[in-house]
Structure formats: structure tokens, C-alpha cells
């Protein structure tokens, strides 16, 4: 009825066009003023396109997950979304959802693993992942700006031989045109899929040590090049598969892709360098950090944090003096995530 009454006043075409222009902002104003909620779902991450070389197959690995989060609120809004209750309708227990997603990611890569959560935890697991942070923060400053979601994870991986941090971070945004449902995929499904893949890749690199063979890696790179050439919408996922390969030879491919024309491809390539460990790439990443300005810059900074050496952490600390730290949440959240984990 509101829409009928609204458009009934505008019979002139020019006035009608003006009304159509005004409507999204009127709806948005009412949306923010009513203090309502937004509800989305999280779909399971897209399966990887390759499996690891399983010439030496190990017994099933048992991993316990311990929830050690101080801030247990999984989704929260800031800026223009601060008064809204943002919900993930199909996720009652975020840690259980993550355990299921990691199970699926590992098994799709050919790794036999059982990930336990809470009551399912066993007394003598092979690995323990203690989660300190797992959160989605959503931001929107106005109807003229994109809805941006920042996905963060920080945890500690332990077994008898190691004690290592696992950190993952990604963000993406979209300006909705017709409805807030348009942000489901770009702000929730896509970045969460990237986050899960990064966590799984780092757990494998640090503790499980599966990898792609050189031939598998070469075939994957051909696939990546073809997808980028065709502008395939899932090309970025294949770029991430290069980072998850745990084959050092993938580094050369990723370094080239860090200069791709597409911002998302560049960002995923830079993030994937950190997934591989970024060995010997500190100066390269510093260069990309200086070169870019958006999500690709944040991912260069993230991969510097992944290196984890004192020099790399000092670089992250100094990034707090960058003007972007005070002006861009995507930058600030990345810096804070790595500095909190390093303490």
C-alpha cells in the first residue's frame, strides 16, 4: 500500500523517474530507523577442484576443536548497521558449523580426518585447534555505499611437536540495488568459503603435510589461466587452490597472478601466498602493499602477517601509523587481528 500511495503522486514521467531514484533511500531510511533485523544463511563452501597426492596415505586424523572465544557474538553490525540484529538463520552453533565445513573441505581434498567439537572431543586427539576468534562484522555507512562483511578467524594449533597460530581473514562487499538479499553471496557465502579454505590449508601445511604433485600443480595452473581468460566467476577459487596446494612451486604462479587485471584475483593470489607460508616473499609483499589501495593491499598485509617473523610483525605494528588504519575498517581489522594473535 505504501508503494501504491507513493507512486500515485507521480504521473509525469520525469517525476516518476525521480520517485524511482528516491525510493531506495526512503526504504533504507525506514529500514535503519525501525531497528529491525537482517537474517542470512551460510551455505557450505564450494568444494575444491583438486585432491592432494595421496601416494603415502595416513591413518584417519583426529582433531579436537576447543571454543576459547571471549567475544562469542558471531555476527555484529557497525556504523549504519549498528542498531540491527544481524543473524545467520541456519547456524545455531558457529563452531559446530565450522567443524562440519572443515571436515568437508579436508575430505574433498582426499584427507581422512574426523573433527570433533565440544561433547564429541576425544581424550587423545592427534591435533587440537583452540579457537580464539571467529566472527563476521558487517558495515554500511549509507545507502550510497556497499554493505561490507569482514570475516575473521584466529586460533592455536597444537600437537606433541608444535604450537602454532592459524589466522584467516577476508572481506567483501556489495551495494544492493533492489533488495538486501543481494548481499547473501558476496558478503556471506564467498568470504566465508575463502576463510574455511584458508584455515584448512594452513592446518594442512603446518601439521598434516599433504600436497599436490608437480603434475597436479601444473594442471591446476592451466585451469586457473583458462578460467581467468574466460572471466569465469569461480576463477578466484582456483587461485586459492594454488595456495592450498602446499607445493612451493605454486609460489611462482601466485606471484604472477598478484599483477592480474582483476582486483579479486589479485587479492586471492596475495592471500594464497600467505597460505603457502610466504617464504622469502616479505619484500615482494611489502611492494604490493605499497602498490595497491583496496582489498589487494589488505591481503598483501595479511600475508606479511602470515610470515610471522619479528620483522614481519614489526611491519604490521608500524601499519597502525598508516592513515588507512583510521579510515578503513578492512585495513584496521586485519592489523588488529594479527597483532592480537602475536601477543
(message) Of everything in the range 127-141, what is surrounded by fewer than 22 Cβ atoms within 10 Å (Cβ to Cβ) and either without any contact (Cβ under 8 Å) to a residue 60 or more places away in the chain or touching a helix residue (DSSP H, G or I) at 6+ places or on another chain (Cβ under 8 Å) (or both)? Give them in sequence order.
(response) 127, 131, 132, 133, 137
(request) List the number of the failed condition for residue 219; all other conditions in (1) under 23 Å from residue 142 (Cα atoms); (2) surrounded by fewer than 20 Cβ atoms within 10 Å (Cβ to Cβ); (3) modelled with pLDDT of 95 or more hold. (result) (1)
(request) Run down 158, 184 and say which single residue is touching a strand residue (DSSP E or B) at 6+ places or on another chain (Cβ under 6 Å) and closer than 21 Å to residue 90 by Cα. (result) 184
(message) Here is a check on your reading of the model: is residue 157 touching a helix residue (DSSP H, G or I) at 6+ places or on another chain (Cβ under 7 Å), outside any helix (DSSP H, G or I), farther than 21 Å from residue 297 by Cα and in contact (Cβ under 8 Å) with a residue 12 or more places away in the chain?
(response) yes
(message) Here is a check on your reading of the model: is residue 228 touching a helix residue (DSSP H, G or I) at 6+ places or on another chain (Cβ under 8 Å), in the same structural domain as residue 65 (by TED's automatic domain parsing), buried (at least 16 other Cβ atoms within 10 Å of the Cβ) and under 20 Å from residue 296 (Cβ atoms)?
(response) no
(request) Would you check if residue 8 is at pLDDT below 95 and in contact with a helix residue (DSSP H, G or I) (Cβ under 7 Å, 6 or more places away or on another chain)? (result) no
(message) Just to verify a result, which residue in the range 250-270, among those that are farther than 18 Å from residue 186 by Cβ and touching a helix residue (DSSP H, G or I) at 6+ places or on another chain (Cβ under 6 Å), is surrounded by the fewest Cβ atoms within 10 Å (Cβ to Cβ)?
(response) 260
(message) Would you confirm, using the coordinates I've provided, whether residue 280 is farther than 15 Å from residue 338 by Cα, not assigned by TED's automatic domain parsing to the domain that holds residue 165 and not in a helix (DSSP H, G or I)?
(response) yes
(message) Suppose the filter is under 17 Å from residue 338 (Cβ atoms) and either part of a helix (DSSP H, G or I) or assigned by TED's automatic domain parsing to the domain that holds residue 190 (or both); does residue 297 pass it?
(response) yes
(message) Let me confirm something: among 302, 317, 288, which residue is surrounded by fewer than 20 Cβ atoms within 10 Å (Cβ to Cβ), modelled with pLDDT of 95 or more and touching a helix residue (DSSP H, G or I) at 6+ places or on another chain (Cβ under 8 Å)?
(response) 317
(request) Report, by residue number, each residue of the range 234-248 that is surrounded by fewer than 16 Cβ atoms within 10 Å (Cβ to Cβ) and in contact with a helix residue (DSSP H, G or I) (Cβ under 9 Å, 6 or more places away or on another chain). (result) 234
(request) Being more than 18 Å from residue 100 (Cβ to Cβ) and part of a helix (DSSP H, G or I) is the filter here, so list the residues in the range 192-212 that pass it. (result) 202, 205, 206, 207, 208
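The values are calculated or read from the model by the stated rules, or taken from the named source; none is laboratory data. These numbers were taken from a predicted model, which means no experiment stands behind them. Glycine also receives a Cβ, built like all others from the backbone with ideal geometry; neighbour counts cover every protein chain displayed.
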